[in-house]
1. If each residue of separation counts as 0.36 nm, what is the full-extension length gain between Asn81 and Lys157 once their alpha-carbon separation is subtracted?
2. Taking each pair of distinct Cα atoms in segment 283-439 once, what is the resulting Kirkwood hydrodynamic radius in Å?
3. Sorted from largest down, what three extents in whole angstroms do the Cα atoms of segment 125-282 have along their principal axes?
4. So how much slack lies between Glu433 and Glu247, counting 0.36 nm per residue of separation and subtracting their Cα-Cα distance, in nm?
5. Whole-Å semi-axes of segment 81-154's equivalent ellipsoid, largest first, each the root of 5 times a Cα gyration tensor eigenvalue?
6. Can you find, among Ser36, Ile126, Pro281, the residue sitting farthest towards the positive end of the charge dipole of the chain, where Lys and Arg contribute +1 and Asp and Glu -1 at Cβ?
7. Given points 7 Å out from each Cα along the Cα-Cβ axis, report the Arg150 to Arg408 separation in nanometres with one decimal.
8. Quickly work out the Ala303-to-Thr101 label distance, labels modelled 7 Å from Cα along the C-beta direction, and quote it in nm with one decimal.
Amino acid sequence: MSQSRAAVNPCAMCMPLGSVLVFRGIEGCMPLFHGSQGCSTYMRLYLAHHFREPVDIASSALSEKAAVYGGAANLKTGLKNVIRGYGPRAVGVSTTCLAETIGDDVERTIREFLQEEPDGRDIPIIPVSTPSYAHSHEEGYSAALLATVRALAQPSKQSCKLNLLVGSIVSPSDVRNLKRLLRDMSAEFILLPDISQTFDLPLTGDLPRVPAGGTPLEEIRDSANSRASITVGACARLPGAGEYLEEEFGVPHHALPLPIGLQFTDMLMARLEEVVGLPLPESYEQDRGRLLDAIVDAHKLLAHVKTAVYGDSEMVLGILKFMVELGMSPRVVATGTRSRAFATLAGEMAPQAAVLDAVDFSDIGREISARDVELMVGPFTGRQIAAAQNIPLLRVGFPNHDRFGASRQLLLGYQGAAGLVDAMANALLEHRERIPVKQQAPAPSPPGR
Ligand code: SF4
């Protein structure tokens, strides 16, 4: 945990930003921030730079007057405008720092709005409290996922579907691959949130105000009747949507890490085989074999390389586990989110590493320079440390503003792991090629000489 009383260049983003990633994964859902306009402008740009897609986030546009007298009138006007202007199927309302600080009662305002505005009665409005001064974007994501199932899940007729809850931020490509895996296993499933299209739309010349795709509302309602839930990305999380469905509706829940690397992917595959009751298709066994081949190929380059991995806690834990599997030597393991579970798990996986939670990049940079790190893996936000200390940086995860392809970056599953092996090895090789020959460390002598 950081010793500093102020974050300098934080390793986490605003809490409501995480909620947008969930609301945009629901079919026809429009996010609305109850707060000042600057919050939604900043986060729209932040998401648009990462996904390279237009991202609309409405705002209740609180001003000085609302800060003194309360923002209920602004929120009602904002809801009315969003429903008339966008025609959404649902609205997700996230609070920002200002609304939280003045203590607006958002749930009561929504109840009043629904009584006053008959137009809004058929449209679910999902409120979530996201005070950014208290928590990070990761916690905003978890809170929005829980708020969504809390607001929508309804018990009716039992189904044999499997709920796959994506408990942590992953790319649209990762979600597409999770869906493909479930289809290949002939599983009937409900995947929530589904950002595979909404943040990575095919170019058709048509630009709908609310993008197509996302988990249908009917499926989220039906999640209360499923035979089981699996949450991927639930290592360091507080109890969330899966636990809620288990406690409220008796849907058995399995919490798993993000399937990054060999063992964590094996865990998901084994659990799917158990829950679905069918074996993994042969093509995935072949992917696993190809991953093993890639690991063997790159072993002589990656073994013992001193690494730093940072970013979203679930992604960091997955990559850390994989680095240990590859024989690498993680020295700095960091996340901007405050999480005791993260610190415990990361410490068990890499006892020799400095494990940091709730830290900023000044803390991370200090540890990296003290530990002779040879490769950094994490979001683009670590680029200044990498440049200042002349360390190769492999950009993974969220956010990535200075390279293309974030939506298509595949980290999960056997194929994602094989891509990660190649990318880490190539980052090291490219860096070595840039160093003049006389500055390079001498190659180790072959054995027996
Ligand atoms: S920190 Fe708070 S006030 Fe600033 S952009 Fe984020 S939500 Fe808005």
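Each value in this text was obtained by applying a stated rule to the coordinates, not by laboratory testing. What you see is a predicted model, and the numbers here were worked out from it, not measured in a lab. Every residue, glycine as well, gets a Cβ built from its backbone with ideal geometry; the counts of neighbours run over all protein chains shown.
1. Stretched out fully, the Asn81 to Lys157 stretch lengthens by 23.7 nm.
2. When all Cα pairs of segment 283-439 are included, the Kirkwood radius is 15.8 Å.
3. Sorted from largest, the Cα extents of segment 125-282 read 41, 41, 35 Å.
4. Details: separation 186, 0.36 × 186 = 66.96 nm, distance 5.56 nm.
Length gained, Glu433 through Glu247: 61.4 nm.
5. Working: eigenvalues 98, 46, 25 Å².
Working through the eigenvalues yields semi-axes of 22, 15, 11 Å.
6. The residue sitting farthest along the positive end of the dipole is Ser36.
7. A separation of 3.9 nm, rounded to one decimal place.
8. 5.6 nm
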